[in-house]
1. Of the numbered conditions (1) in contact with an Asp or Glu (Cβ under 6 Å, 6 or more places away or on another chain); (2) modelled with pLDDT under 75; (3) buried (at least 20 other Cβ atoms within 10 Å of the Cβ), A404 satisfies every one except a single condition; which is it?
2. Restricting the search to region 449-493, which residues are more than 16 Å from V345 (Cβ to Cβ), crowded, with 21+ Cβ neighbours inside 10 Å and modelled with pLDDT under 70?
3. Could you tell me which numbered condition S272 fails, if it satisfies all but one of (1) open to solvent by 20 Å² or more (accessible area, probe 1.4 Å); (2) modelled with pLDDT of 90 or more?
4. Considering only residues that are farther than 17 Å from E159 by Cα and among the aliphatic types (A, V, I, L, M), look in region 187-207 and name the one that is modelled with the highest pLDDT.
5. In region 237-261, what residues are outside any loop (DSSP other than H, G, I, E, B) and within 21 Å of F421 (Cβ to Cβ)?
6. Go through region 154-167 and report how many residues are touching a residue at least 40 places away in the same chain (Cβ under 8 Å), β-branched (V, I, T) and open to solvent by 20 Å² or more (accessible area, probe 1.4 Å).
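The values are calculated or read from the model by the stated rules, or taken from the named source; none is laboratory data. Since the model is a prediction, treat every value here as computed from it, not as a measurement. Cβ: placed from backbone, ideal geometry, glycine included. Neighbour counts: every protein chain shown. Heads up: the accessible areas ignore ligands, DNA and RNA and are worked out on the full protein's heavy atoms, side chains in. Shrake-Rupley method; radii C 1.70, N 1.55, O 1.52, S 1.80 Å.
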Amino acid sequence: MTKFFNAKSHWTDFHEHRDRCEWRLRSLDPTKDYFSYKYYKNTADWEKYEQSGRNSWCGGGRYDESRPTASRVAMHRHEMPTAQYQVCEVPVQGQYRRAEDERWSFVRLGPLRGYGDYDWHSFWHYDLVPEMTEAIEEAGDSVWVTGYFAGAVDATTFEPLNYPPIHHHHFHVLATPFDTFINHNIMFQMHGDATRPDDAGGFDTWLNYFPKDYAFPVAHPLQLDADLNDVRPKHSPQLDFYLDVAIRWTTVKPTKPAALLNFGAPFPMLQSGPMTHWTEHAVNYVPPDVESVFWYTGRLYNSGRLLHVIAHSHSHWFDDYYVFSGTPSDLGLNTGAFQVDYNSVLPWIPADHGLTNDDVRLHVLYHAKKNNVPLRCVVRGELASSADAESAEDQDPEHDPTAADTFDRFPGWHCFDDWTFQKGDPFTLVAFDKPMCPGCEKVRGPMGGQYGIPQHSIFRGVYVNDDNPDDVQHFFTYGHQLGGDQVTAAVPRSHSFDKPPEEDDLLGSPDLVLAFQAGLFSNTALTGFKQYRDAIHTLSSNIPAFHKLRRNLILDRFCEM
């Protein structure tokens, strides 16, 4: 297992290239570009999709060309009067250059203004780097990403802004066809837990230079999906910052193509009030006040060897999780007392059975040893304390210094030997969540009640295929709490709404996207592979019409004039 990304020695080189930028404004094309920036003054407004004033940009035409074309390029600038969309390209020079046409493509959005109170800056943009799209079309083949940077930067120094004050709720970049609105084959990402503790590298995870001979394939335009929050207290002074994205890429194929695999937990398809927003962020729920265990299983969509781990969870109530090459039944789960309400996608509560999380860990590890199930990786949550607690109290007299002065940091992880896997191999992830840290009871998910805390137990990793180097692709496997026929397949690299999904000989129908969208229109928890497939088949007779309906609903929601 290698530490695949190593930014510490690359910051000077990155800054030298960024300093050579000759920034220019990008004009949005209303016939093809889709760019949306929305601002919400707090989480309550975000949950309700309520726009705070007319301070957003909405660019691009409607996806359905048969509908009247509202250009949607109006810019409503109340609280963001100076915000701009800037870009530049810089040829790669120096010791890390690997091809003559290698370049950095920079995107800068802002300046944005934060006012605290956990306000939201939400972005969605298709075709992030048009020059890359043109290169793909000209070559008729993939281009190759060799490095990237992403995150909020100070408006004066252009240095990364830590959490606090800026929380990266999520930052996803993926390559996707235009006719697929929801595609979770994430190519690179960061979240609130993306920063390492200061003594372990700090912002090094934000900047990624791939080792020589490695690169990510990109066969479609890039899509950006990001939400940022100013977590300072309410009535904080105005904070100006930018969202920066930088991608290093070339048309020259590497000798070792690599890609990102993603494992995600099942989640309830809920559609009631604020749950709309949380459902679209694919969270499962855990109780705020007792220990809980959540496991899910799936099958690998491709063959390969793991090189590097990028985990994500919410560490205030995340303790650790274990990744095994096996099924839940191999680990003594889904049998006897260890059974869950999978239709409601609920965790298992040890205290209900007179047990603790430690007891369940021993139970799982015992059965793994007994049944020769390899333990592949262990991931543990990390928190950091804020040095600004005293100043935050001065700014807000009602500030509770115990409630919000610890912040997520990059999870610690350890993997055992090289994990080499084959397409269709089973995996099971067992996550252990704890009661929230003392004083953090203010943090609440949208469901309220017993299972009110939104959680992710996501495992991501960079992999290569040693036997067939060209056979790599970014994929996302949504698991299920059961096994066997209930195991969901992965979202494929590319797919279309214009035809029914094709079957995979080994995994069945891999097109999870249609079923995901179908679930957003119902009150049913679609958690099993058979339920997903049923939903897909229900829609397959009229996929183009459903595709247009879904796209226009989303566009209207994000770009309401």
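1. (1) is the only condition that A404 fails.
2. A489, A490, V491, P492, R493
3. (2)
4. The selected residue is M187.
5. Restricting attention to region 237-261, the residues satisfying the condition of being outside any loop (DSSP other than H, G, I, E, B) are 239-250, 256-257, 259-261.
Correct list: K256, P257, A259, L260, L261.
6. First, pick out the residues of region 154-167 that are touching a residue at least 40 places away in the same chain (Cβ under 8 Å): 154-156, 158, 160-167.
Okay, now just the ones that are also β-branched (V, I, T), so 156, 166.
Retained after the next criterion (residues that are open to solvent by 20 Å² or more (accessible area, probe 1.4 Å)): 156.
Matching residues across region 154-167 total 1.
Residue-by-condition table, conditions (1) in contact with a Leu (Cβ under 9 Å, 6 or more places away or on another chain); (2) open to solvent by 40 Å² or more (accessible area, probe 1.4 Å); (3) on the phi > 0 side of the Ramachandran plot:
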| residue | (1), (2), (3) |
| --- | --- |
| I310 | yes, no, no |
| S313 | no, no, no |
| V323 | yes, no, no |
| L331 | yes, no, no |
| D352 | no, yes, no |
